[in-house]
Amino acid sequence: AKLFPRDWDHSYAEVPLIRKDQQKRPSITAEEIEAGLVPCRRRAAMLVALLAGSGIRIGEGTGLEIPHVRKPGIIQVRQSADRDLLQDPKTDNGFRDVEIAPELYAALMDYIGDRRTGFVFQTSSGKRWSARNALKTLTARFGKGGFHRLRRFRTERLREAGVPDFLEKYWTGHARPGVTELYVE
């Protein structure tokens, strides 16, 4: 027995076909990142550098707490920020340890300074810096395209370096094969 007695006419629904080859997947170059960082405040510049250098999601970046920055150059993704809430990462594969370049790790540690607790990216009052405010800054400096441009940047660099697919998927927090494929044109 049907729960809802309805027969669908699939030919009438006119659901559009999704053509992956025609989807927009904007990325960003190292030169664009460097040029955009010049006018940025220190907090915004560090967030952009971390997102581009690690490939973590914006919510994972704004939800990053200082104890999750580990030696030697490991970012532990254990939570994500969404609006005013801290929550588990987007998927089970979102729980991961992401390796970052030694130069980025040194810059991040310099940014954190002698703080031992709290959020890496916080306001002067100690509250977590919101993704919404970070997006305003990013859009003002880099134009439209969103934070995924920075995740794609990391994926492109990993592929250029010949990093194995399983490690690329692990660091980006993807589970299914093919998801990361959408990141590169």
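The values are calculated or read from the model by the stated rules, or taken from the named source; none is laboratory data. Fair warning: this is a prediction, and the values are worked out from it, not measured in the lab. Cβ placement follows ideal geometry from the backbone for every residue including glycine, while neighbour counts extend to all protein chains displayed. What goes into the accessible areas is simple: the full protein's heavy atoms, side chains included, and nothing from ligands, DNA or RNA. Shrake-Rupley method; radii C 1.70, N 1.55, O 1.52, S 1.80 Å.
For the range 113-149, which positions are closer than 19 Å to Gln79 by Cα, open to solvent by less than 40 Å² (accessible area, probe 1.4 Å) and either in a helix (DSSP H, G or I) or acidic (Asp, Glu) (or both)?
Ala131, Ala134
Which numbered condition trips up Ala101, out of (1) within 22 Å of Glu168 (Cα to Cα); (2) under 15 Å from the mean Cα position of the chain (by Cα); (3) open to solvent by 40 Å² or more (accessible area, probe 1.4 Å)?
The one condition Ala101 does not meet is (2).
Aliphatic (A, V, I, L, M), buried (at least 16 other Cβ atoms within 10 Å of the Cβ) and closer than 21 Å to Arg152 by Cα, is that true of Ala107? Before you say what the answer is, go through the steps one by one.
Numbers: aliphatic (A, V, I, L, M): yes; buried (at least 16 other Cβ atoms within 10 Å of the Cβ): yes; closer than 21 Å to Arg152 by Cα: no.
So Ala107 does not fit the description; no.
Does any residue of the range 38-46 turn out to be over 20 Å from Ala134 (Cα atoms), at pLDDT 90 or above and not in a loop (DSSP other than H, G, I, E, B)?
Start the filter on the range 38-46 by keeping residues that are over 20 Å from Ala134 (Cα atoms), which leaves none.
Scanning the range 38-46 turns up no residue that is over 20 Å from Ala134 (Cα atoms), at pLDDT 90 or above and not in a loop (DSSP other than H, G, I, E, B).
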